[in-house]
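Student: Sharing a structure with you now.
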Amino acid sequence: MFITFLAFLTVGKLHAQSPPSAGPDTAHSSPDPGKANSGQAAGLPIPDLAQVGVADNISTTTRLCFSHLRTVPLDQLSTLDYSIKGTKKYEHFITPNQVNYKAVLLFTLTNSSTQPQSVYFCPGFYYDSIQLFRRTDHLTQWDHPEQPAAPGAITPVPNILPNDPDSEGYRKITLDARDTGTFYAVLTFVRSPTNSINPSLTKDAFIAHGVDYHHKNKTNIDIITNLFAGIMLMMIFYGISEFLQTAKPEFLYYAGYCFCISTLLFLKSILHNTTTPFNFFFEGYFDNIIFCLGHISYIVFHRKFLETHKNYRSLDRYLFWGACTIGVLTVLYTIAYYFAPDFRVSNNIEALTKYVLMAISLIFIIKGLGYHNQLMNYIVMGNISLVGLSILSQIIIATDFHVVKGVSVLNLALFHYEVGITIELLFFLFALTYKNKMEIIKSIQKEEKLKLETERKELEKQVAVLAAKQDERNRISADMHDELGSGVTAIRLMSEIVKSRMKDQTLPEIEKISNSANELLNKMNTIIWTMTSSNDSVENLIAYIRSYAVEFFENTSIDCYFSMPSSIPHREINGEKRRNMFLSVKEALNNVLKHSQSSVVKINVTVTDKLTIEIQDDGVGINMEKLRKFGNGLHNMKKRMASIDGEFEIQNHQGTRTTFGLML
């Protein structure tokens, strides 16, 4: 999950491990004319300024001494112990304890030409202060003529820097024609673990080329690093856009992590061996701050992305306190860097921070493998890849191990570190795709569940409304039966009593009252039947029609035959459909009685997915062209059946055949 100390324990050394950006091992030299007074060891050639080119290395002809003195007096320079012959050992690494000391270089230069020669001296990287002194046995062109130096005296060399933005690490040295001089370089290290001692000389006319030469690596690692930074920049834009669209804070934390890591590596690349105040600040302090802030963002990102507070409680607490620990160590590092005189204090805190990150990473991998979760597995696999390549990077740094022969990016620790981050990035994208897919599935399931819940509530609402309607219908039918029914029945009975008492003197109006009361009672019974919810079935409808038809033709000259299935499946039919179907059949039967002149009527009922009622008489038939223009019977039947999405058909077939159909 996190970049371990194995990848960044010596963060600055990722670039320092690249092939040394120096010229030949020694500058061209001439025989030593002043060997006894020069401090030059016997048998070692003296670099010749007349033959210096670009970044000529003089590490083999330079002696070294580490002094614990904060300020080295001039009269003690010649008495220091310069027992370290050559500086190759310190070309890539200075111990934290040595960073606290002054480094004093002793070297001798000569000029074999007949003209004065000037070069720029670069002691290596990185130094807050570079002071040059010359031990003189005679006057030179750049000494002060009014105060000539005594024989063997040590005098400061003028502090002349090149006219270049990157000038802090270079000092000018000039020798007269046929002159030889011994020089001391008193160096104060930048408080950084990435310092080196690798002295070189560059002709003053070639200083711009010399500065560029020190900046460049002998491989394409800078191109790869810039490409990697571009990929991380894309992920920054992606994280910000996702945050703006979804308001999920984990993407903002991820963008912060990508910004810190890409900034760190990009600056490492472009500031490689750059001697500017900003790079001194970056190498000494700011790189570790960026590193820590990036990983705090990454820890918080994983807590949000994996939703550890809900899914992995113990892991969430572990990551929370891990991030807090890194934050506390970052504050302590800042305090130690600015206030502790011993560089080892801040360096040890920095190393401890990397050890804590290593522990967080390893425990996360172990815990993550135990959860058996696909999303977690993607993240864990990315971190396993990163840790493995980080270990390889550390091996390359510590042992100078070469993956392939020759100069290649495959031999650089930084390359493997960047490949590790890239692989982890790919696994993160796999995890993000998987999580988005699962969120889409959950969203669809949630929408379906919400839709079903809405439909269920709507259905319950409809059922409740229907139940209320049914209750109201039942109440109205009961009231009609109890109140109106009894009243109409009383009118009919009283009219019959009056008729019986009047006998032969019965008035026609009394007969009309009795008939009207009887007709009204039948209609009311029909209305009560249609409104009663317990009658909402096909079987009840058929039974009611059969009962009505038999009773209707009972005292007539027409014989009624009713045919129906022996077993009728239970099918519900609402009151509105029952009412319109019954009234349509009633109208058809009334037409048979009034107009057919038949002796037999047959009613045939079939029930499948459709209720069909066929009424066949053996009468004179029906002449569609001679129907009364304003007759309402057929029109009413058509209208009633259409209102319930039913079918109505009337035709001549051995009399008149009327058919009603209704889908159940």
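The values are calculated or read from the model by the stated rules, or taken from the named source; none is laboratory data. These figures come from a predicted structure and were not determined experimentally. Glycine also receives a Cβ, built like all others from the backbone with ideal geometry; neighbour counts cover every protein chain displayed.
Student: Among the residues of the stretch 152-167, how many are in contact with a strand residue (DSSP E or B) (Cβ under 8 Å, 6 or more places away or on another chain) and in a loop (DSSP other than H, G, I, E, B)?
Tutor: Adding up the residues that qualify gives 7.
Student: Limited to the stretch 526-553, what total is found for residues that are touching a His at 6+ places or on another chain (Cβ under 8 Å) and surrounded by fewer than 17 Cβ atoms within 10 Å (Cβ to Cβ)?
Tutor: 1
Student: Please tell me if Arg473 is charged (D, E, K, R), surrounded by 14 or more Cβ atoms within 10 Å (Cβ to Cβ) and at pLDDT below 80.
Tutor: It is true that Arg473 is charged (D, E, K, R), surrounded by 14 or more Cβ atoms within 10 Å (Cβ to Cβ) and at pLDDT below 80.
Student: How many residues, within the stretch 650-664, are free of Cβ contacts under 8 Å to residues at least 40 places away in the same chain and either at positive phi or hydroxyl-bearing (Ser, Thr, Tyr) (or both)?
Tutor: 1
Student: Can you work out which of the residues in the stretch 200-230 that are surrounded by 16 or more Cβ atoms within 10 Å (Cβ to Cβ) and of a type in the set (A, V, I, L, M) is nearest to the chain's Cα centre (by Cα)?
Tutor: Ala229
Student: Collect the residues in the stretch 372-414 that are in contact (Cβ under 8 Å) with a residue 60 or more places away in the chain, over 16 Å from Ser361 (Cβ atoms) and touching a Phe, Trp or Tyr at 6+ places or on another chain (Cβ under 7 Å), keeping them in residue-number order.
Tutor: Those that are in contact (Cβ under 8 Å) with a residue 60 or more places away in the chain, over 16 Å from Ser361 (Cβ atoms) and touching a Phe, Trp or Tyr at 6+ places or on another chain (Cβ under 7 Å): Gln374, Leu375, Val409.
Student: Pairs needed: first member in the stretch 84-99, surrounded by 15 or more Cβ atoms within 10 Å (Cβ to Cβ); second member anywhere, of a type in the set (D, E, K, R); C-beta distance under 6 Å; at least 6 residues apart or different chains.
Tutor: Pro96/Arg344
Student: From Ile326, Ile366, grab the single residue that is outside the structural domain of Val99 (by TED's automatic domain parsing), within 25 Å of Val190 (Cβ to Cβ) and either assigned to a helix (DSSP H, G or I) or at pLDDT 90 or above (or both).
Tutor: Checking each option against the conditions leaves just Ile326.
Student: Answer yes or no: is there a residue in the stretch 192-205 that is modelled with pLDDT of 85 or more and assigned to a helix (DSSP H, G or I).
Tutor: Yes, because at least one residue in the stretch 192-205 is modelled with pLDDT of 85 or more and assigned to a helix (DSSP H, G or I).
Student: Which one of these does Leu452 not meet: (1) assigned to a helix (DSSP H, G or I); (2) modelled with pLDDT under 85?
Tutor: Of everything listed in (1) assigned to a helix (DSSP H, G or I); (2) modelled with pLDDT under 85, Leu452 misses just condition (2).
Student: Follow-up. Here is a list: Thr353, Thr325. Which entry is within 24 Å of Leu267 (Cβ to Cβ) and out of contact with any Pro (no Cβ under 9 Å at 6 or more places or on another chain)?
Tutor: Going through Thr353, Thr325 in turn, just one is within 24 Å of Leu267 (Cβ to Cβ) and out of contact with any Pro (no Cβ under 9 Å at 6 or more places or on another chain): Thr353.
Student: When the stretch 415-430 is examined, which residues are found to be over 25 Å from Lys304 (Cα atoms) and either without any contact (Cβ under 8 Å) to a residue 12 or more places away in the chain or among the aliphatic types (A, V, I, L, M) (or both)?
Tutor: Within the stretch 415-430, Val419 is the sole residue that qualifies.
Student: Against the definition (of a type in the set (Gly, Ala, Ser), crowded, with 18+ Cβ neighbours inside 10 Å and over 60 Å from the mean Cα position of the chain (by Cα)), how does Ser584 come out, yes or no?
Tutor: Yes, satisfied.
Student: Select from the stretch 301-323 the residues that are in a helix (DSSP H, G or I) and under 17 Å from the mean Cα position of the chain (by Cα) and write down the one among them that is farthest from Ile290 (Cα to Cα).
Tutor: Thr308
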